[in-house]
Amino acid sequence: MRRVAAGPVGVALNGDVEYRAGRPKPFKARVRWSDPATGKRPSRSESFDSREAADGWIDELQRLARAGVHPETATMSLAEYGESVMHLATRRLEPKTLDPYMAGWRLRVKPTLGHLSPAMITHGAVDRAVEAWIADGHGRSTIKNSLAVLVKVLEQARRDGLIDRNPAKVTGWQHAFQKAYDELENPRSLALADWTALTTLADALVARSSGRYRGWGDVVRFEACTASRIGEVSGCRVEDIDTRRWLWTVRRQTTPGPGGLMDKRTKGKRARIVPIIHEIRPLVLERIDAVEGRPGARLFTGPRGGRITTAILRDATHWDEVVVTLGYEHLRRHDLRHTGLTWMADAGVPVHVLRVIAGHSSVKTTQLYVHSDWSHIVAAGDSLTAYLGQWSPTGPQAGSA
């Protein structure tokens, strides 16, 4: 137990850490203080993976207390803190500006980052939030307004002494947005060329990962060959795989949410059926055997059994470094989905079938993957030339069909 006087706020802050065996986060850190106005002893607690993290949390609260920040304010989540200071953070905004800002706060900032305390929000957390908003199809102005209100709330947190810099002042997201827009216009350009390119990438990622974990290569091959999203691969369970007909029923996806990773319905809000091709059936059987065929077990996990995300795959395999080495400087994890859809389209899968596999709500999106066969256009011109030739004094032109 440690005790520190919190001077300006008039409270004495005590902290201790309790170890609770068998818990996912076994170290419970707790702080208590005496409220001079009521005489009560409120407390706050948080659980952590390690003793160091728990001690760090207590140290930070004690530092803030010495700086005059009340423990109740210091332990607020971003959602709670934002609601308490929003009138200050937005006091100079015109109503026409405030309305879209508040919509961004309510619909995007709170669901994505609201569970974290202001001190726990990093540049990386904001980057991932923006990436998720882009992936969800939000427009440039919507993302700009959501970021703007987050900047204002965290700027108030900086003035209150909760943080020493504003992590929401990120740059470069416009480039990521433009890339996503280009992706919608020409997703074929983002695909890997062939099976050799895919296996080379998968093997290189495994070789670069800690412990050369084969599961990372399995995830990459499976995502590309099923034209799925990384969140859907993470959400896949053994019970979703039909090894008799070799079909995968895509029912859920794993995505970041309040309190951490969570499973929710697929992006299209409905289940869909995806074929499992011969090339990846052995790895699927190996994954099923690894979890002893338990129906509710996840088919793909990290080396310690944890759920995977695009950020986890990137960091664990040094993705950015590997793709540059292989000459795919702009390749992202989501481009594996584009690869699978492009290959299926080139293999002659009809557009209406490809749409079902992809889970697209509009056939116009699916048609972007279909390669334009210019020979049919040329043949149409030749046919017209032959038709007009019947009235030409010299007859059909040379080279006409």
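The values are calculated or read from the model by the stated rules, or taken from the named source; none is laboratory data. Predicted model only: the values in this text are computed from it and were never measured. Positions of Cβ are generated from backbone atoms using ideal geometry, with glycine treated the same way; all protein chains shown enter the neighbour counts. Side chains are part of the model used for accessible areas, which takes the heavy atoms of the whole protein and leaves out ligands, DNA and RNA. Shrake-Rupley method; radii C 1.70, N 1.55, O 1.52, S 1.80 Å.
Here the helices (runs of 4 or more DSSP H) wholly within the stretch 47-152 that include at least 3 residues being at pLDDT 85 or above are 51-66, 78-89, 95-104, 110-113, 123-135.
Look at the stretch 160-176: where a residue is in a loop (DSSP other than H, G, I, E, B) and a partner is among the polar types (S, T, N, Q) and modelled with pLDDT of 85 or more, sitting 6+ places away or on another chain with Cβ atoms under 6 Å, you get Pro167/Thr122. When the stretch 133-163 is filtered for residues that are of a type in the set (Val, Ile, Thr), within 21 Å of Ser84 (Cβ to Cβ) and open to solvent by less than 10 Å² (accessible area, probe 1.4 Å), the ones remaining, listed by number, are Val149, Val153. Looking across the stretch 63-118, just one residue is under 27 Å from the mean Cα position of the chain (by Cα), hydrophobic (A, V, I, L, M, F, W, C) and within 19 Å of Arg32 (Cβ to Cβ), and that is Met76.
Taken over the stretch 28-62, the criterion of being in contact (Cβ under 8 Å) with a residue 24 or more places away in the chain, more than 20 Å from Ser77 (Cα to Cα) and of a type outside the set (Asp, Glu) is satisfied by Pro36, Arg51.
On the stretch given as the stretch 278-309, residues that are more than 25 Å from the chain's Cα centre (by Cα), farther than 9 Å from Val238 by Cα and in a loop (DSSP other than H, G, I, E, B) total 1. Taken over the stretch 258-300, residues that are within 30 Å of Ala125 (Cα to Cα), charged (D, E, K, R), surrounded by fewer than 16 Cβ atoms within 10 Å (Cβ to Cβ) and in contact (Cβ under 8 Å) with a residue 40 or more places away in the chain amount to 1.
Of all residues in the stretch 208-254, those satisfying the criterion of being assigned to a helix (DSSP H, G or I) and within 25 Å of Arg108 (Cβ to Cβ) are Ile230, Gly231, Glu232, Val233, Ser234, Gly235.
In the stretch 186-232, which residues are more than 14 Å from Gly340 (Cα to Cα), charged (D, E, K, R) and open to solvent by 30 Å² or more (accessible area, probe 1.4 Å)? Listed by number, the residues that qualify are Asp203, Arg208, Arg212, Arg214. Looking across the stretch 331-372, the residues that are surrounded by fewer than 21 Cβ atoms within 10 Å (Cβ to Cβ), polar (S, T, N, Q) and in contact (Cβ under 8 Å) with a residue 24 or more places away in the chain come down to Ser361, Thr365.
Scanning the stretch 255-269 for residues that are outside any strand (DSSP E or B) and either in contact with a Leu (Cβ under 7 Å, 6 or more places away or on another chain) or modelled with pLDDT under 70 (or both) yields Pro258, Gly259, Gly268.
In the set (1) among the aliphatic types (A, V, I, L, M); (2) part of a helix (DSSP H, G or I); (3) open to solvent by less than 40 Å² (accessible area, probe 1.4 Å), the condition left unmet by Ile312 is number (3). Pairing each residue of the stretch 241-255 that is of a type in the set (Ser, Thr, Tyr) with any residue that is assigned to a loop (DSSP other than H, G, I, E, B) and open to solvent by 30 Å² or more (accessible area, probe 1.4 Å), provided the two are 6+ apart or on different chains, yields C-beta distances under 6 Å for Thr249/Ala271; Thr254/Arg307.
Taking the criterion of being open to solvent by less than 40 Å² (accessible area, probe 1.4 Å) and either touching a Gly at 6+ places or on another chain (Cβ under 8 Å) or without any contact (Cβ under 8 Å) to a residue 12 or more places away in the chain (or both), the residues of the stretch 94-111 that qualify are Trp105, Val109.
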